[in-house]
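Working notes, structure below.
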Amino acid sequence: MTLVAAALFVLSASAAGPPLMVVPPEPAAERVDPALVGPVPEPAPAPPPLSPSDTSWIGEAIGDLLPRALLRAGVQALTRDDRRRAQAALEIPAVPLTRATSIRLAEALGAARLVVGSYETMGETLSLSFRLLDAARGTLSAPFVASGPLETVAALVDAVAWDMAAAGPEAPAPSRDAFSSTRPEAKFEALRAYGQGLAARNVVNKARLMRRALALEPGFEVARLELGRLQIETGEFSAGHDTLARIPAASSHARAARFLQGLAQLEIGRYREAAAVYARLAEESATPAVLNNQALALLRGGIREPRPSSLLRRAIEMEPASLDLLFNLAWTLLSEGDPGAAEFFLREVLEKEPLDGHARVVLVWALRRAGRAKYADEAWKGVVTLSPGYDGLARPDLGRRFERILPAERMLVLARGTRTPAEVAAGLIGKAERLGAAGDTAAAVRELERAAYLDPHAERIHLLLARAYRAHGLGDRAVNSYLMTLWAQDEPSVRAELAGVLKEMGRHQEARVEAEKVLRQDPQNDAARRVLQR
């Protein structure tokens, strides 16, 4: 598997078969083609609060409503939240997506097809046009269109979703009328405020517009769920908990709301309540994320029944690719007094993600708890090299909050199983070269030191590190790295560089010796000749 193929998000707790990914539609006047071809400029800073006549909110609203409608019609589709979290994890800015970026994101989420298209407003009329884009073949389906009054945008989205479902290999389970009857009712003004909130760039404006939507339509549960999520993401845990508590138990959004309430309780230290919330969710459906958060609530609350590590083992059986679950199990086992088992799982985490600084620190702690001081000291060298910001954590401190609470029940798992330390080191080399070209030699040195720790036998790394040390004025370190390169292969040009740095340091006799060695192998070497010139 290639590195590109290895960077794959797997959606747990999903139905069988590849899902669809909906790309928020663009205004028809700004669209290049139905597949979003070509680069899209980054938008200008967020404008003032949108006026009632502004329709720029429509794309974001449809990008949220359409996947919800597809799911109601029985089509496996990724939600806006799935797309948003994956986009953030892949460090893709929150800007309109180009065709290439859309396909990359779809592949990362395991989506075989994308829903792409546009909307157009003419007076009070809204027209929608969507196509299915096959990510592998690059082919487009015939368009799915709908048109009607702007105030019926939710019904128009439902019409498109039904047509897409009907075009699939199996007819939708509900009838068209039955499907339409499941559409959540919301006043148009509330839906517009909700869409404006999704489109807003500023968190304060997002929350303000969600509150406006709820003031206009108190039963608009999607807006209440989004407001609660926003509050929790910005650290307003108690406010978020109270917002979500108003979503009734009979709602289709109740489970998502309860999951987020448990998250808020975990963050504010109400561990027993959080454990009870996740226990009830687990009774209904024991998903990996629910079991993970239940285990962490029990662990933090000092509750040992059920045993937190047993819950995490169940979660890993369902989602073995999750490094977060593996790390949490190791942390929990260490807390439960089993450092040997903790070491086993931490080494598995580091095998798949060599740059995980927390895992390296906790591995040191596990080794110390197991009485293996020599191995702990050796492992600590890796912490200092790869994560120098953790240099004050040499001694075990299980009061630290290193546990990884999962923010959503539907997990996104970054599978890096084939990324060996040498492959990670290759990525660090590329980063170092870019930093060096930009003139940041100190940062380039740090990245190369990390690469050398991960792949100590790669002579190219030591050569690049020697040059970086030399450029940064660290002569002694440069000499050592040049020598390590020469031990692997005695190359005259490298030895000439060593002679040059020795001369720069005032170590003239040593420089002369090295230059003479070069000239015996390569009499025409100009760099060695310059070293011998006084």
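The values are calculated or read from the model by the stated rules, or taken from the named source; none is laboratory data. Since the structure is predicted, the reported quantities are computational estimates derived from the model, not experimental observations. A quick note on method: Cβ atoms are made from the backbone with ideal geometry, for glycine too, and the neighbour counts reach across all protein chains shown.
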*In segment 233-253, what count of residues is obtained for those that are within 26 Å of the chain's Cα centre (by Cα), on the phi < 0 side of the Ramachandran plot and at pLDDT below 95?*
3
_Every residue from segment 382-403 that is without any contact (Cβ under 8 Å) to a residue 12 or more places away in the chain and either assigned to a helix (DSSP H, G or I) or surrounded by 18 or more Cβ atoms within 10 Å (Cβ to Cβ) (or both)_ = 384
*Go over the candidates 371, 340, 439 one by one and state the one that is out of contact with any strand residue (DSSP E or B) (no Cβ under 6 Å at 6 or more places or on another chain), part of a loop (DSSP other than H, G, I, E, B), more than 28 Å from residue 269 (Cα to Cα) and modelled with pLDDT of 90 or more.*
371
_Total residues in segment 516-533, condition surrounded by fewer than 16 Cβ atoms within 10 Å (Cβ to Cβ), not hydrophobic (A, V, I, L, M, F, W, C) and not in a loop (DSSP other than H, G, I, E, B)_ = 6
*Among the residues of segment 369-377, is there at least one that is within 19 Å of residue 450 (Cα to Cα) and not hydrophobic (A, V, I, L, M, F, W, C)?*
yes
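Would you mind stating whether residue 247 is assigned to a loop (DSSP other than H, G, I, E, B), in contact (Cβ under 8 Å) with a residue 24 or more places away in the chain and not assigned by TED's automatic domain parsing to the domain that holds residue 93?
The answer is yes for residue 247.
Among what's in segment 404-436 and is acidic (Asp, Glu) and part of a helix (DSSP H, G or I), pick the residue that is modelled with the lowest pLDDT.
Taking segment 404-436 as the starting set, the residues that turn out to be acidic (Asp, Glu) are 409, 423, 433.
From what is left, the residues that are part of a helix (DSSP H, G or I) are 423, 433.
Details: 423: 67, 433: 81.
The extreme case among them is 423.
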*Any residue in segment 448-457 that is surrounded by fewer than 23 Cβ atoms within 10 Å (Cβ to Cβ), in contact (Cβ under 8 Å) with a residue 60 or more places away in the chain and among the acidic types (Asp, Glu)?*
yes
*If you go through segment 222-229 one residue at a time, do you hit one that is buried (at least 21 other Cβ atoms within 10 Å of the Cβ) and outside any helix (DSSP H, G or I)?*
no
*Go through the residues of segment 154-162 one by one and say whether even a single one is part of a loop (DSSP other than H, G, I, E, B), closer than 15 Å to residue 66 by Cβ, modelled with pLDDT of 80 or more and out of contact with any Asp or Glu (no Cβ under 7 Å at 6 or more places or on another chain).*
no
*Within segment 274-303, considering residues that are crowded, with 21+ Cβ neighbours inside 10 Å and β-branched (Val, Ile, Thr), the one farthest from residue 399 (Cα to Cα)*: 287
